[in-house]
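The values are calculated or read from the model by the stated rules, or taken from the named source; none is laboratory data. All values derive from a computational prediction rather than experimental measurement. Note that we place each Cβ from the backbone using ideal geometry, even for glycine, and neighbour counts take in every protein chain shown.
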Amino acid sequence: MTAGPDPAPADAERWARAQERIEDLLLRGPRTMTRGEVQDRTGFTPEHTSRLWSSLGFPATPDDVRGFAEADVDALELSGRLLDEDTFDEAEELAVARALGQGLGRLAEWQATLVRRTIADAGLAHDPDAIVDAVEALVPTLEKLQSYVWRRHLAVTAGRMLSTLARPDGDGPSENRVVVGFADIVGFTSLSRKIDEVELRALLERFETVSADVVARRRGRIVKTLGDEILFVCERVEDAVDIAFRLHEEVPDDEGRLALRVGLALGEVLPRYGDVYGPVVNIASRLTSEARPGTVLVDEDLTEALRATDLDLEIRSVPGVAVRGYRHLRPHVVRERQR
């Protein structure tokens, strides 16, 4: 297959000008500085700025390229101020940068896809000026929405933190003792081979949308989505099992696809930049892989906690499960009692 003709010089110039306009818009000004000039302005060492830039997920910029704007200097100076105020040390600075870079990088990819699809649907994909106009119209709205959502999430998280700090010492459960849950789609690999891309995208959208709604309505939090699987946490055991039951009930479509397996475990987690770690996460993951389609498999600690509640549940033990670092787990299947 031969490559198509190169764009005419006039067209190439229009596209280059459109790219420059979009970059200036997003960076709030032109890129006029080299790496060395940024370092001179901020006082950071080349090694520090390089590590921070890489942690944010940005590609390396050659030393002789004017690839930095005033916004880049402002961001580095803000980071330096947090270091000076001992808000965090350099290792934490890089960890925060990684978390921001990975999360916002995914968001940016999705938003660029949204813009491209919107432009294509409007028949403007070959008009660079129309693309610039679309970006100029969309970006301020997205920026305001992102700021609102971040502040709203921070308000909820701060509320939980203050509630924990207000408890007398030893009164109530540990802040980090939560129910960890996984839910994954049964036979997803096989299903993805049988349907086209459009249908697959629609099914994944349904899975993510319904899951997010179910978890949020019951005071849980989705930690991350891993393709055909979600990881969520919940403070109350009653809410956790209700999430599991409602996921089984609401996620499958009218054709019965998107059957799920759910595993839940109760224990201490190590929170780190929005993610959670620890043995309880590994246990919940393994229980999910062992669960039968349409069932909820829970560990022994959660079983004991559920038996201490007023929930009307059927709890049945199943054969032990081997997990690295544990001799045998004694899981139980939990069901809502049929009325």
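Residues of region 8-64 that are of a type in the set (A, V, I, L, M), crowded, with 18+ Cβ neighbours inside 10 Å and more than 30 Å from the chain's Cα centre (by Cα): Ala18, Met33, Val38. Being of a type in the set (Lys, Arg), exposed (fewer than 15 other Cβ atoms within 10 Å of the Cβ) and at pLDDT 85 or above is a condition met by no residue of region 153-174. Report yes if some residue within region 246-263 is within 25 Å of Ser190 (Cβ to Cβ), among the basic types (Lys, Arg), surrounded by 12 or more Cβ atoms within 10 Å (Cβ to Cβ) and in the same structural domain as Asp184 (by TED's automatic domain parsing); otherwise report no. Yes, region 246-263 has at least one match. Being farther than 20 Å from Tyr277 by Cα, touching a Lys or Arg at 6+ places or on another chain (Cβ under 8 Å), surrounded by 10 or more Cβ atoms within 10 Å (Cβ to Cβ) and touching a residue at least 40 places away in the same chain (Cβ under 8 Å) holds for only one residue in Val186, Val139, and it is Val186.
Cβ contacts < 7 Å: first residue touching a residue at least 40 places away in the same chain (Cβ under 8 Å), restricted to region 71-82; second residue of a type in the set (A, V, I, L, M, F, W, C), any location; separation 6+ or different chain. Result? As it stands, the answer is Ala71/Leu27; Asp72/Val38; Val73/Val38, since those pairs meet every condition given.
The C-beta contact set for region 240-260 (first residue closer than 18 Å to Arg217 by Cβ, second residue surrounded by 13 or more Cβ atoms within 10 Å (Cβ to Cβ) and basic (Lys, Arg), distance under 6 angstrom, 6+ apart or interchain) comprises Asp242/Arg218; Ile243/Arg218. Just to be sure, is Leu297 under 27 Å from the mean Cα position of the chain (by Cα) and over 21 Å from Ala259 (Cα atoms)? In short, no. Inspection of region 230-251 finds a residue satisfying the criterion of being of a type in the set (D, E, K, R), in a loop (DSSP other than H, G, I, E, B) and closer than 22 Å to Tyr277 by Cα. Based on this model, can you work out whether Leu191 counts as out of contact with any Pro (no Cβ under 8 Å at 6 or more places or on another chain), modelled with pLDDT under 90 and over 27 Å from Glu304 (Cβ atoms)? Taking the combined requirement at face value, the residue satisfies it. Among the residues of region 268-315, those identified as in a loop (DSSP other than H, G, I, E, B) and crowded, with 24+ Cβ neighbours inside 10 Å are Ala291, Asp299. Do the conditions hold for Asp239, that is, is it exposed (fewer than 15 other Cβ atoms within 10 Å of the Cβ), at pLDDT 90 or above and under 22 Å from the mean Cα position of the chain (by Cα)? Answer is no for this residue.
When region 49-92 is limited to residues that are in a loop (DSSP other than H, G, I, E, B) and either among the aromatic types (Phe, Trp, Tyr) or touching a Leu at 6+ places or on another chain (Cβ under 9 Å) (or both), the one that is modelled with the highest pLDDT turns out to be Ala69. The lone criterion from (1) within 25 Å of the chain's Cα centre (by Cα); (2) not in a strand (DSSP E or B) left unmet by Ala265 is number (2).
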